[in-house]
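K.L.:
Quick one: this structure, given as structure tokens, is what I'll be asking you about.
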Amino acid sequence: MNRRQTIPAHLRYTITDFNRQFPDDAACLEHLKEQRFPGGIVRCEKCKTERKHYRINGRPVYSCDHCGTQISPMAGTIFEHSSTSLRLWYYAMYLMASTRCGISAKQIQRETGVTYKTAWRMFRQIRSLLSEPEMQLEGSAVEVDEMYYGGRRKRGAGRLLRADRDQKTIVVGAVERKGRVVARVVPDSTRETLHGIVKEYVLPASVVFTDEHQSYTGLEEIPGRNYHHLRIKHEAKVYVMGQVHTQTIEGFWSLVKRGIGGVYHSVSQKYLQSYLNEYSFRYNRRDQGNLIFTSLLKRVAELAALPASRDRGMMPLIQEPF
Ligand SMILES: [Zn+2]
């Protein structure tokens with residue numbers, strides 16, 4: 001990947017653009033409201049009808065002009081219950097979206113002036129927007145491979161001491177060549193687990209490339225799946241055989257490892273999945289320049305709108321009047 005490549009003008013979103021679009025908290029709130037209620041808030045749940053809503057001065061809420069019921073665009077989002085200004089949140093999201101390799105909570109702290117604790121919380125919340133659970137890969141070339149994070153290289157893993165192997169976190173990834181990637185932390189590398197990942201993330205009738213790891217054996221026999229399974233013999237020091245290789249996913253692994261090493265130094269097992277989500281999110285939007293920021297803003301509203309997130313004990317969208 002060429003780090004110096006310039007982003008084409010139509011895919012560029014600079015700090016000047018950011019400052020122009022989001023000069024203050026009010027602009028951010030208005031934007032958030034538009035994302036969650038396109039065209040404006042029209043329906044009052046208490047009046048049970050369409051009502052005009054106006055912004056309450058000095059508070060991040062909009063109020064029904066008939067009964068006074070207030071609606072907060074922040075309710076149910078990652079911004080709820082935060083005393084950090086909305087503009088700082090937006091700025092932190094801009095920073096996270098605009099760097100190629102990601103930034104740390106420490107950098108958010110430095111750039112925004114919030115405490116480290118607050119920066120860490122913002123960092124976690126913003127990152128929670130980056131999962132793509134619905135994604136399924138397909139096509140004539142899907143590579144599947146495992147990565148062992150937190151130790152020595154994968155090749156020759158058979159010769160590692162058991163204790164050494166147990167300390168590693170196993171990640172399975174699938175990537176469409178010139179397409180999208182999915183990466184998941186898994187408990188083990190058994191056939192059941194690896195087949196399960198392929199079934200979950202790779203659509204039937206795809207061509208699947210793997211190495212000779214025995215847990216991939218039988219992929220082509222999964223009933224109803226019609227996978228065409230081709231393998232490369234890494235043990236025999238063969239890495240590419242015509243179209244048969246797993247170099248795309250291996251490229252992604254090295255991106256992840258270099259990224260984690262360069263920005264975060266290392267990552268505990270507990271958080272590895274969220275880091276993988278971040279790298280995947282960015283990888284899957286690598287053609288968008290730094291318009292990734294726009295995708296991130298959309299995710300705020302998308303995830304807030306999920307009924308499941310309200311079931312998880314989030315505040316109801318409608319609050320009592322005054
Ligand atoms: Zn009302």
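The values are calculated or read from the model by the stated rules, or taken from the named source; none is laboratory data. All values reported here derive from a predicted model rather than from experimental measurement. For neighbour counting, all protein chains shown are included, and Cβ atoms are generated from backbone atoms with ideal geometry for every residue, glycine included. SASA here: full protein model, heavy atoms, side chains in, ligands and nucleic acids out. Shrake-Rupley method; radii C 1.70, N 1.55, O 1.52, S 1.80 Å.
K.L.:
Quickly run through the stretch 13-34 and pick out the residues that are in a helix (DSSP H, G or I), open to solvent by 40 Å² or more (accessible area, probe 1.4 Å) and within 27 Å of R100 (Cβ to Cβ).
P.N.:
Those that are in a helix (DSSP H, G or I), open to solvent by 40 Å² or more (accessible area, probe 1.4 Å) and within 27 Å of R100 (Cβ to Cβ): I15, T16, D17, N19, R20, Q21.
K.L.:
Right, here's the next one. Report, ordered by the first and then the second residue, all pairs with beta carbons closer than 6 Å, sequence separation of six or more or different chains, a first member in the stretch 49-77 that is touching a residue at least 24 places away in the same chain (Cβ under 8 Å), and a second member that is β-branched (V, I, T) and within 11 Å of the ligand (Cβ to nearest atom).
P.N.:
Y62/I41; Y62/I71; I71/I41
K.L.:
Return the total of residues in the stretch 39-98 being open to solvent by 30 Å² or more (accessible area, probe 1.4 Å), touching a strand residue (DSSP E or B) at 6+ places or on another chain (Cβ under 8 Å) and among the small types (G, A, S).
P.N.:
0
K.L.:
So, in the stretch 264-288, of the ones that are among the small types (G, A, S) and over 20 Å from V175 (Cα atoms), which residue ends up least open to solvent (accessible area, probe 1.4 Å)? So that I can check it myself, show each step before the final result.
P.N.:
Taking the stretch 264-288 and keeping what is among the small types (G, A, S), we get 266, 268, 274, 280.
Add one more test, that the residue is over 20 Å from V175 (Cα atoms), and what stays is 266, 268.
Details: S266: 83, S268: 60 Å².
Result: S268.
K.L.:
Please list, ordered by residue number, the helices (runs of 4 or more DSSP H) wholly in the stretch 184-285 having 3 or more residues that are in contact (Cβ under 8 Å) with a residue 60 or more places away in the chain.
P.N.:
247-259, 269-283
K.L.:
Looking at T190 and the list (1) closer than 17 Å to V142 by Cβ; (2) loosely packed, with under 15 Cβ neighbours inside 10 Å, which single condition is not satisfied?
P.N.:
(1)
K.L.:
While we're here: Of the numbered conditions (1) under 23 Å from the mean Cα position of the chain (by Cα); (2) surrounded by fewer than 13 Cβ atoms within 10 Å (Cβ to Cβ); (3) at pLDDT 90 or above, M1 satisfies every one except a single condition; which is it?
P.N.:
Every condition holds for M1 apart from (3).
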